[in-house]
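K.L.:
Okay, here's the structure, questions in a sec.
Every number here is computed from the coordinates shown, using simple stated rules; none is lab data. Note that the structure is predicted; figures quoted are calculated from it, not measured. Don't worry about glycine lacking a Cβ; one is built from the backbone with ideal geometry, like all the others, and counts go over all protein chains shown.
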Amino acid sequence: MKKAVAWESESRLNPEKIWPEKTNTVSLFDWSQAYLNIAQIQFAKVTYDEKRLTFRRFLKELDPDLPVTELTSGLVEAYMTKQMDDRSGYAANKDRKNLVAAWNWGMEYMTPKLPEPNPCQIKKKAEIRSPRYVPPEIDFWKIYKLASDQDRVMLLSFLHLAARRGEIFRMTWEDIDFNDNQVRLWTRKRTGGHYEYNWLPMTKMLKEALLWWQENRPIKDSPNVFLCLEKKNFCQEVYGKPFKYRQHFMGHLCERAKVKPFGFHAIRHLTASTLYKLGCVLAEIQSVMRHQSATTTAKYIKSLGCEVVRPALEAFSQQKGNVLVFEPRETAEGENASEKEKAVSGAVNF
């Protein structure tokens, strides 16, 4: 007892010497918050929201206080399997992509750094993915005819520039060079999330439409090309401001035109598909789509459907002669194949 009393007195005077040093433990929650704080600054809101929801699901299945050193590939695999069962293989792989990126960031920038190897780098789940929907050209022109004034110019901009929604909504009059016939599009779909721009040629048809809209727009003091001009009750607060979403715009137009519904991004698909059908080479389509890698463009074209391989199959079908050659085989008696077999082998051609 005397020794215990003496130890207690000494510990109060010199706690640093008695108690073990505090360990700097990083939990799953600490890791998620540190990464999301950076992601909110570096990435577009839609990308940040995707990452935030990934961690919300992840920390719902795993203990947020679990030290990162105890996260194993087995735990990640179990989480991915559940996401695949509850949602889909595609959804599970999106979560995997975000977790892998977050752990890689932690291995480089966190203090202390996350341990290697990356436990989130597991095999991807099987996916069942439908081809990208490419609306027929006639369907685009049907909704185009139903649109009016600003909306027609906007739809034409989407088609002739193969633009993403945010790129058109952010476009200002300073981004349009009428003298050199080109348009500047700003994108944030790059590593690090910073904005970059590309200049694209402006077609004569698009130039005429933009010049007409510049002259006839009702609000001339705004730097943005396209603005909310509806005066309905739910639009009063955003009247005269640039668009952000326009969630029901395309749906209503498609319904009125009685065509299969498609959105702004499907128009980008239509542009890529049309360029391919016109015989444009991969490099030209890559420039229009503004992909950093030709591989991305190749995958994009492939995802538009099997129609892109039709020219190759048609060329194959035009080959003359015996495409498949069958050598005569010997019978059990050592004789050549029967006349019937020879006739069949000679008839196999396209």
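K.L.:
Skipping prolines and chain starts, which residues have an amide H placed within reach, meaning under 5 Å, of the one on GLN121, given they are 5 or more residues away or on another chain?
P.N.:
HN-HN under 5 Å from GLN121: empty list.
K.L.:
Still on this structure, I have one more. Which of the trypsin sites (Lys or Arg not before Pro) found in region 194-297 are in a DSSP loop and have at most 13 neighbouring Cβ atoms, other than their own, within 10 Å?
P.N.:
Numbers: sites: LYS204, LYS207, LYS220, LYS231, LYS232, LYS244, ARG246, ARG256, LYS258, ARG268, LYS277, ARG290; in loops: LYS220, LYS231, LYS232, LYS244, ARG246, LYS258, ARG290.
The qualifying sites are LYS220, LYS231, LYS232, LYS244, LYS258.
K.L.:
Taking Cα pairs under 8 Å and at least six residues apart, what relative contact order does region 148-221 come out at, in percent?
P.N.:
Reported relative contact order: 28 percent.
K.L.:
Follow-up. Residue farthest toward the positive end of the dipole of region 111-237, with Cβ of Lys/Arg at +1 and Asp/Glu at -1: which of THR187, LEU114, LEU155?
P.N.:
It is LEU114.
K.L.:
Rounded, prolate or oblate for region 137-262? Axes are the square roots of the Cα gyration tensor eigenvalues, ordered a ≥ b ≥ c, and the cut-off for rounded is a/c under 1.5. Intermediate values should be presented prior to the final figure.
P.N.:
Details: a/c = 1.32, a/b = 1.24, b/c = 1.07.
Cα axes put region 137-262 in the rounded bin.
K.L.:
List the pairs from LYS45/LYS277; LYS45/LYS94; LYS82/LYS113 whose alpha-carbon separation is above 26 Å, in the order I gave them.
P.N.:
Where the Cα-Cα span goes over 26 Å, the pairs concerned are LYS45/LYS277; LYS82/LYS113.
K.L.:
Here's something else I'd like to know. Return the sequence-ordered ³J(HN,Hα) values of region 290-297 in whole Hz as given by the Karplus equation 6.51 cos²θ - 1.76 cosθ + 1.60 applied to θ = phi - 60°, using x for Gly and Pro.
P.N.:
Rounded to whole hertz, the list is 6, 7, 6, 10, 5, 4, 4, 5.
K.L.:
What is the magnitude of the charge dipole of region 4-155 about its Cα centre, with +1 placed on the Cβ of each Lys and Arg, -1 on the Cβ of each Asp and Glu, and no other charges, expressed in debye to the nearest 20? Intermediate values should be presented prior to the final figure.
P.N.:
Numbers: 23 positive and 22 negative charges, 149 e Å.
The calculation lands at about 720 debye.
K.L.:
Amide H to amide H, which residues 5 or more places from SER27 or on other chains are under 5 Å from it, using H placed in the peptide plane?
P.N.:
VAL68
K.L.:
So what is the diffusion coefficient of region 19-144 in µm² per second by Stokes-Einstein at 4 °C and 1.567 mPa s, using a Kirkwood Rh over Cα pairs?
P.N.:
For these conditions, the coefficient is 79 µm²/s.
K.L.:
Also, I was wondering about something else. I'd like the GluC sites (Glu not before Pro) in region 58-152 restricted to DSSP loop residues with at most 15 other Cβ atoms within 10 Å, sorted by number. Could you put the intermediate results ahead of the total?
P.N.:
Numbers: sites: GLU61, GLU70, GLU77, GLU108, GLU127, GLU137; in loops: GLU127.
For GluC sites (Glu not before Pro) across region 58-152 that sit outside H, G, I, E and B with at most 15 neighbouring Cβ atoms in 10 Å, the list reads GLU127.
K.L.:
Run through region 159-235 and list the chymotrypsin sites (Phe, Trp or Tyr not before Pro) located in a DSSP loop whose Cβ has at most 11 other Cβ atoms within 10 Å. Each step should come with its number before you reach the end.
P.N.:
Details: sites: PHE169, TRP173, PHE178, TRP186, TYR195, TYR197, TRP199, TRP212, TRP213, PHE226, PHE234; in loops: PHE178, TYR195, PHE226.
Hits after loop and neighbour filter: TYR195.
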